[in-house]
Amino acid sequence: MRKSLLLAAAFCFAVPAAAGAEVTLSDTGFTASNNAMVAAAPDEVWAVLIEPSRYWNPDHSWGGDAAAFSLDPVAGGCFCEALPNNGSAEHMRVVMVQPGQTLRLAGALGPLQGEGLAGALTWQLEPVDGGTRITQTYSVGGHMQFDRETFAPIVDGVVREQLDRLAALFSPTD
């Protein structure tokens, strides 16, 4: 029954896989890698990246309100969500901050949170001619009660959507 509930919850979070996404599987987990190019300087992208309420899809939240997201961009800071009735959810913990360059968060997103999993979501910003290359990598490993071959592309779709929404706030590069 628990496995069925977990998979049902996973499909609530499902989005189509994006072209160019790279998902690699191992015996113990998976890694989803995505990138986008934007016509903005890394510091401009960083200023938005650390405000997830500006780009995170509220469909991928516990409370359905993007304005409820916050991120404290310091080591040990929380990527959190305020929930109705004084509730709260820690989505991830900040483990590395290099302003304008790298943001790394540790944790298991959404329905992964109830599993015996560890995850690392890394956002890297690289200056390129005409803007910034944003590289997003989410590595997840540990005990999974679900089929990682089925679930990994779903998780990739969710994190990729957040990257796409962040990138959409800037003009694409040519």
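No lab work stands behind these numbers, since they all come straight from the coordinates. The model shown is predicted, which means the values in this text are computed figures rather than measured ones. Don't worry about glycine lacking a Cβ; one is built from the backbone with ideal geometry, like all the others, and counts go over all protein chains shown.
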- Query: Once the Cα atoms of helix 2-12 and of the chain are each reduced to a long axis, what angle between those two axes, in degrees from 0 to 90 to the nearest 10, is obtained?
  - Reply: 30
- Note on the structure: Sorted on mean Cβ neighbours within 10 Å (highest first), peptides 162-168, 23-29, 126-132 come out as 162-168, 126-132, 23-29
- Item | Among [x] 15.6, 52; [y] 17.0, 53; [z] 15.8, 49, the entry derived from the coordinates for Rg and Dmax of the Cα atoms in Å | [x]
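Go through 32-38, 43-49 and give me the packing order, highest mean Cβ count within 10 Å leading.
By packing density, highest mean first, the sequence is 32-38, 43-49.
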- Task: Rounded to the nearest 500, what is the 222 nm mean residue ellipticity of the chain from helices alone, with -39500 (n - 2.57) per DSSP H run of 4+ residues and division by all residues?
- Result: -7000 deg cm²/dmol
